[in-house]
1. I want to verify a result. In a Gaussian network model of the chain, Cα cutoff 10 Å, which of these has the top mean-square fluctuation: 58, 283, 66?
2. Kirkwood hydrodynamic radius, the chain, all distinct C-alpha pairs: what's the number in Å?
3. Between the stretch 211-278 and the stretch 60-93, what's the alpha-carbon centroid distance in Å?
4. So between residue 260 and residue 182, what do we pick up on full extension, going 0.36 nm a residue minus the alpha carbon distance?
5. Per-residue ellipticity at 222 nm for the chain, helices alone: DSSP H runs ≥ 4 residues times -39500 (n - 2.57), over residue total, nearest 500 deg cm²/dmol?
6. Over all alpha-carbon pairs in the stretch 268-327, figure out the percentage whose distance exceeds 19 Å.
7. Under the classification rounded if a/c is under 1.5, otherwise prolate if a/b is larger than b/c and oblate if not, where does the stretch 78-234 fall, given a ≥ b ≥ c as square roots of the Cα gyration tensor eigenvalues?
8. Which residue, 130, 212, 100, has the most motion in a Gaussian network model of the chain that connects Cα atoms within less than 10 Å?
Ligand SMILES: [Zn+2]
C-alpha cells in the first residue's frame, strides 16, 4: 500500500514538473520576456517578391536550381520570385516549379538575347503561351545588347532596340505583344537613350507594367534625372542587391568590372524619387554570392540602416512588384 502511494506521489510529482516546464515554454513569448521575434532577420522578407533571381540550369554556374530557389523562398515566407535566364525562356520551368513547390508563386519569362533570335516576337509569343499566368516577363536584350557590349568593351554584334530616339520595328512588334497580353516589360541592359525611347513608346501603347532593370547599374546606367523622368512616365525602377556586391572587391570574378553601387546611393535615390516608384530585387545566383533569400534580408537591413522606413520597404518589396505581376 505504502509502495503504491509512493509510486503515485512520484508520478504526480514528475507530471507536475513536466507540466510546469511545458507551460512556461508554451506561453506567448512576451509573457516570459523573450524577444518578440527571436530571429528578427527571418521576418524581414515575409511576403516579399524577388523579381530577379538566376538559377540553374544555366550557361553560367549557379548556386541553386529552380526548385531550390523556390523552396528557400517559401521557407522564408516570401510571396513570389521571378526566375531570369539570359539564354533561354524560364516560362516552362516556372510552370513546373509551381506544381512541385507549395506556398510560393514562381514566374518566368524570356530575355531577348541572340540565343532566342534577339528581338524576336515569336519567342515572346511562345513564352507567353507556354507559361500562361506564369510566363509573365519580357526582358529586352541583356548580355547581347549593343549597349552592354560597348560599355564592357566586349566583341560581337550587339542588339539595338532603338536608334536616334525611335524604337526599331522589331521592338515595336515585341511591345505590341506585351501590351496585348498585359505582360511585364523589363528594359534589360540597353542604354539610357534607348530606355527613354522604349518607355515613351510603351506608354503610348498603354503598356501597364514597365520595370527598368537594375536602373543604377553600369547598364542601363541611368542618371537620377533619367530615373526621375522614367518614373514620372509610369515605369518602376529596379534596385538590385547584387550591384552593392560588384566592383573591384566583388567575390565573383565576372562582377569585378562592374561598378559598385552603394546602398547609400540607392537609399538617396529612393528618398529623392519616392519609394512608390521602386522595386527591390537581389539579382543573385552566382556561386560566391549569398543565397537569394539571405541576400534579400541583408539588403533590407542595410536600406533600413540608411533611413528607409518599413513602409517604404513594404512598397518596394511587396506592393509594387505584386502590382507588376498582377498578384
Ligand atoms: Zn540578372
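Bear in mind that the values in this text are calculations on the coordinates, not laboratory data. Given the structure is predicted, the values throughout are model-derived calculations rather than measurements. Here the Cβ is made from the backbone with ideal geometry for all residues, glycine too, and neighbour counts use every protein chain on show.
1. Largest GNM mean-square fluctuation: 58.
2. 21.1
3. For the stretch 211-278 versus the stretch 60-93, the Cα centre distance is 22 Å.
4. Using 0.36 nm per residue and subtracting the Cα-Cα distance, I get 24.7 nm.
5. The helix-only estimate for the chain comes to -12500 deg cm²/dmol at 222 nm.
6. More than 19 Å apart: 33 percent of the Cα pairs in the stretch 268-327.
7. The shape class here is prolate.
8. 100
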